Amino acid sequence: MKRILRKYPPPPLRYAIPAALVLFGSLAGLALFLFEVNATYRLAENSAKANLRRVTAQVSQVIEYLYRSSDSESQIEALVSRLGSYRGYLSAIIFSENNTVIQSNDYRQIGNAMRDTQAFKYQSEFLKIRQALAGVILKVDNGDRLIALYPVLLKSGKYEIKPSRVAILFVEYDLSGLNQKAFANAFKRAIGSSIILVIFCLLLWLYFESTLSKRIQKLVAASNNFGEGRLNSRSFLTGSDELASVSAAL
């Protein structure tokens with residue numbers, strides 16, 4: 001260890017201190033950026049989930065009312081089409097109790113079986129929804145999309161006392177746009193905070209440069225003069241710190 005220290009002596013403080021501050025500022029800025037990104041992602045995701053839950057629950061209730069009250073196919077078609085056209089909404093599909101597409105914002109899917117749609121991979125959730133009669137929000141595709149599944153009670157059959165036919169409203173929501181926006185916002189905030197941190201580190205370095213570094217240079221100069229035989233040389237350091245005590249001893 002001693003050989004290593006002799007071979008690689010520590011750099012001068014006037015260079016070591018700025019390097020340490022730059023390193024500290026870089027690490028702190030990176031940590032701050034990562035924290036901002038994660039916090040913004042969580043906020044955006046929670047907001048999207050709350051909005052999707054509210055909208056889908058309201059739409060499913062309206063569709064249920066329309067299906068059970070009267071023949072309002074045109075109104076349901078318009079409602080589903082409009083829901084699928086909202087920003088961030090990729091698709092809106094109503095599946096019958098037999099998992100056939102009743103309505104969709106993409107009219108080409110109407111009449112298709114579930115296996116021919118993007119909802120096929122979530123078929124196990126459909127059974128749970130029909131049993132619990134409660135909606136659910138799922139995060140899929142590595143967090144890039146949200147899936148909403150909400151039950152819709154269809155009109156009772158001819159010999160049914162209460163409705164037993166449960167359709168499912170299936171909605172896809174794209175989170176990638178929100179994540180990109182959240183990343184951009186976090187980046188802006190992190191840049192602003194990093195600028196403040198850099199200014200602080202710069203001021204701290206200037207403080208050390210004007211106090212510690214210059215005082216050490218005076219002390220080193222006085223020591224060199226003593227070593228060269230100029231015994232009347234003084235560093236004229238004042239204060240109560242250790243450097244002033246060393247200066248007084250010379």
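The values are calculated or read from the model by the stated rules, or taken from the named source; none is laboratory data. Only a predicted model underlies this, so the values are computations on that prediction, with no experimental measurement involved. We place every Cβ from the backbone using ideal geometry, glycine too, and count neighbours over all the protein chains shown. SASA here: full protein model, heavy atoms, side chains in, ligands and nucleic acids out. Shrake-Rupley method; radii C 1.70, N 1.55, O 1.52, S 1.80 Å.
Looking at the stretch 36-113, which trypsin sites (Lys or Arg not before Pro) are DSSP coil and have at most 12 other C-beta atoms within 10 Å of their C-beta?
On the way: sites: R42, K49, R53, R54, R68, R82, R87, R108; in loops: R87.
Passing both the DSSP loop test and the Cβ count: R87.
Counting only protein heavy atoms, what percent of the accessible surface of the stretch 80-122 is carbon or sulfur at a 1.4 Å probe? Working shown, then result.
Numbers: 1020 of 2370 Å².
Exposed carbon and sulfur together represent 43 percent of the surface.
With the other protein chains left in place, how much accessible area per residue, in square angstrom, belongs to the stretch 64-178 at a 1.4 angstrom probe?
Working: 6360 Å² over 115 residues.
Result: 55 Å² of accessible area for each residue.
Considering only protein heavy atoms, with the full assembly of protein chains and a 1.4 angstrom probe, order V171, V22 by accessible area, largest first. The partial results should precede the final answer.
Working: V171 0, V22 95 Å².
My answer, sorted largest first, is V22, V171.
Cα gyration tensor of the stretch 66-161, axes a ≥ b ≥ c as square roots of the eigenvalues: rounded (a/c below 1.5), prolate (a/b > b/c) or oblate?
On the way: a/c = 1.75, a/b = 1.28, b/c = 1.37.
Cα axes put the stretch 66-161 in the oblate bin.
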